[in-house]
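For reference, the structure discussed in these notes is given below.
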Amino acid sequence: MTAAEGSAHAPVLDRVKGQPGVLGLLRGALRAPLHAYLFIGPPGSGRLDASIAFAAALLCPRGGCGECASCQETLALRHPDLEVVERVGASISVKQAREVARMALRTPRAAPYQVLVLVDFHLVDEAAPALLKTIEEPPDTTVIIITAETVPSPFVTIASRCVQVQFKPLDDEAIIEVLMGEGVEVATATAVAEAAGGRLDRARLLARDPGFAQRLQRWRTVPSRLDGTGARVAELADELLASIAEPLEVVRTRQAEELALLQEQAERRGENNIPGRSIIEDRHNRELRRVRTDEIRAGLAALSSVCRARLTEPGVAPQRLRSTLAAIAAIDEASTRLSRNVNATMLLQWLLLHLDT
Ligand SMILES: [Zn+2]
């Protein structure tokens with residue numbers, strides 16, 4: 001099989017999940033790769049996995065077979081012509097942008113191309129001009145893939161020099177398919193897909209979180225545990241919030257490890273402090289808030305599906321129908337309010353009072 005025949009199919013690109021538009025574009029791009037691609041999309045949409053699969057297809061002597069030594073090395077991030085560049089501090093430094101420029105000029109060692117994958121380069125700030133020249137005029141044998149969540153203003157000019165590939169949040173079916181392919185049982189895959197909000201990274205995290213199913217079950221049993229008293233409302237709201245402490249602790253531990261690693265790297269460079277530490281801490285706080293919101297949102301979705309199931313019960317009385325519809329509306333309202341940074345305790349107490357009919 002020639003490289004051209006192989007690239008028409010490029011089985012290694014089958015690793016790009018739930019993004020049919022992206023897949024079509026990448027298969028087409030293999031016939032005549034351009035110098036820079038911008039993979040843009042929300043967290044968990046598979047930008048990095050797709051970057052590596054595309055790099056494997058570019059570097060493979062058989063057009064992306066997914067099986068040869070070249071493909072295996074690329075997928076394991078060990079190919080001599082693949083460089084994955086992650087930012088060192090809170091944003092891309094000028095020094096790091098210059099390093100990327102130097103890498104871009106190298107001659108490929110084994111393949112016809114070398115591929116540079118620049119991860120999360122929307123955090124580029126004052127390094128943008130230093131990076132722009134590299135993106136505009138790399139050697140013909142260098143392909144640059146930038147992954148980013150958004151295109152903030154310092155990044156607009158760079159983005160305009162790239163082929164933009166838009167990633168969407170994954171739908172539930174795609175998430176279920178990926179998880180089942182990774183050995184997760186169908187019931188777990190379905191439950192976590194519903195709670196993952198289109199994010200494969202969150203779905204994977206939840207699928208391996210044994211406490212998650214229990215936490216959802218807690219939310220599902222709430223309607224049957226309400227007894228018409230304010231005391232029970234307060235008690236249940238506290239219980240639901242307390243159950244979120246566990247996943248938050250997991251995230252806090254990971255964040256502490258990240259800081260410890262960065263501190264170690266800084267000390268090795270002879271610096272006392274992590275560059276941009278306060279920006280990293282801000283990001284950590286945002287992440288904690290997001291996990292907390294994600295958890296509450298997943299709980300509200302579980303609660304809502306319990307109520308919806310009631311609507312389809314045979315012979316449901318008109319009074320019960322009305323109160324269930326009101327409960328579903330209150331859950332939707334709580335979900336909307338959640339986006340506005342409200343006090344979680346008050347939000348849940350308000351909701352439980354409205355469910356208690
Ligand atoms: Zn191959």
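The values are calculated or read from the model by the stated rules, or taken from the named source; none is laboratory data. Only a predicted model underlies this, so the values are computations on that prediction, with no experimental measurement involved. So basically every Cβ, Gly included, is an ideal-geometry build from the backbone, and we count neighbours across all protein chains shown.
Of the helices (runs of 4 or more DSSP H) lying entirely inside the stretch 209-272, the ones with 1 or more residues being hydroxyl-bearing (Ser, Thr, Tyr) and farther than 20 Å from residue 354 by Cα are found at 230-243, 245-268.
Here's the yes/no breakdown for (1) on the phi < 0 side of the Ramachandran plot; (2) assigned to a loop (DSSP other than H, G, I, E, B); (3) surrounded by fewer than 18 Cβ atoms within 10 Å (Cβ to Cβ):
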| residue | (1), (2), (3) |
| --- | --- |
| 111 | yes, yes, no |
| 139 | yes, yes, yes |
| 147 | yes, no, no |
| 158 | yes, no, no |
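For the stretch 336-357, which residues satisfy the criterion of being of a type in the set (Val, Ile, Thr) and within 16 Å of residue 241 (Cβ to Cβ)?
Within the stretch 336-357, 342, 345 qualify.
Going through the stretch 24-63 one residue at a time, which ones are aromatic (Phe, Trp, Tyr) and within 16 Å of the ligand (Cβ to nearest atom)? Within the stretch 24-63, 54 is the sole residue that qualifies.
Sub-7 Å Cβ pairs linking a first residue in the stretch 96-110 that is within 24 Å of residue 70 (Cα to Cα) to a second residue that is part of a loop (DSSP other than H, G, I, E, B) and charged (D, E, K, R), at least 6 apart or interchain, are 108/81; 109/81; 110/81, ordered by first then second residue. Annotation: of all residues in the stretch 291-310 being among the basic types (Lys, Arg) and within 12 Å of residue 331 (Cα to Cα), the one that is modelled with the lowest pLDDT is 297.
There is at least one residue in the stretch 75-93 that is over 24 Å from residue 199 (Cα atoms), without any contact (Cβ under 8 Å) to a residue 24 or more places away in the chain and surrounded by fewer than 18 Cβ atoms within 10 Å (Cβ to Cβ). If you go through the stretch 64-81 one residue at a time, do you hit one that is among the hydroxyl-bearing types (Ser, Thr, Tyr), in the same structural domain as residue 130 (by TED's automatic domain parsing), closer than 12 Å to residue 115 by Cβ and more than 25 Å from the chain's Cα centre (by Cα)? For the stretch 64-81, residues among the hydroxyl-bearing types (Ser, Thr, Tyr), in the same structural domain as residue 130 (by TED's automatic domain parsing), closer than 12 Å to residue 115 by Cβ and more than 25 Å from the chain's Cα centre (by Cα): present. Among all residues of the stretch 325-335, there is at least one that is at pLDDT 90 or above, β-branched (Val, Ile, Thr) and either over 19 Å from residue 245 (Cα atoms) or under 23 Å from the mean Cα position of the chain (by Cα) (or both).
Per the conditions (1) in contact with a strand residue (DSSP E or B) (Cβ under 9 Å, 6 or more places away or on another chain); (2) within 22 Å of residue 302 (Cβ to Cβ); (3) not acidic (Asp, Glu), the sole criterion not satisfied by residue 161 is (2). Among the conditions (1) closer than 30 Å to residue 282 by Cα; (2) of a type outside the set (A, V, I, L, M); (3) free of Cβ contacts under 8 Å to residues at least 60 places away in the same chain, residue 150 misses just one, which is (3). Hey, could you check the stretch 64-122 for residues that are among the hydroxyl-bearing types (Ser, Thr, Tyr) and at pLDDT 90 or above and say which is nearest to the ligand (Cβ to nearest atom)? Result: 70. Looking at residue 10, is it at pLDDT below 95 and within 13 Å of the ligand (Cβ to nearest atom)? The answer is yes for residue 10. In the set 69, 101, 97, 55, only one residue is of a type in the set (A, V, I, L, M, F, W, C), surrounded by fewer than 22 Cβ atoms within 10 Å (Cβ to Cβ) and either in contact with a strand residue (DSSP E or B) (Cβ under 9 Å, 6 or more places away or on another chain) or within 30 Å of residue 271 (Cα to Cα) (or both); that residue is 101. Scan the stretch 188-235 for residues that are among the polar types (S, T, N, Q) and either modelled with pLDDT under 85 or within 21 Å of residue 19 (Cβ to Cβ) (or both) and the total you get is 1.
Contact map, the stretch 213-232: first residue closer than 18 Å to residue 345 by Cα, second residue at pLDDT 90 or above and assigned to a loop (DSSP other than H, G, I, E, B), Cβ cut-off under 7 Å, separation 6 or more or different chains; pairs are 232/226. Of 48, 38, which residue is more than 16 Å from the chain's Cα centre (by Cα), outside any loop (DSSP other than H, G, I, E, B) and under 14 Å from residue 119 (Cβ atoms)? When all the criteria are applied, what remains is 38.
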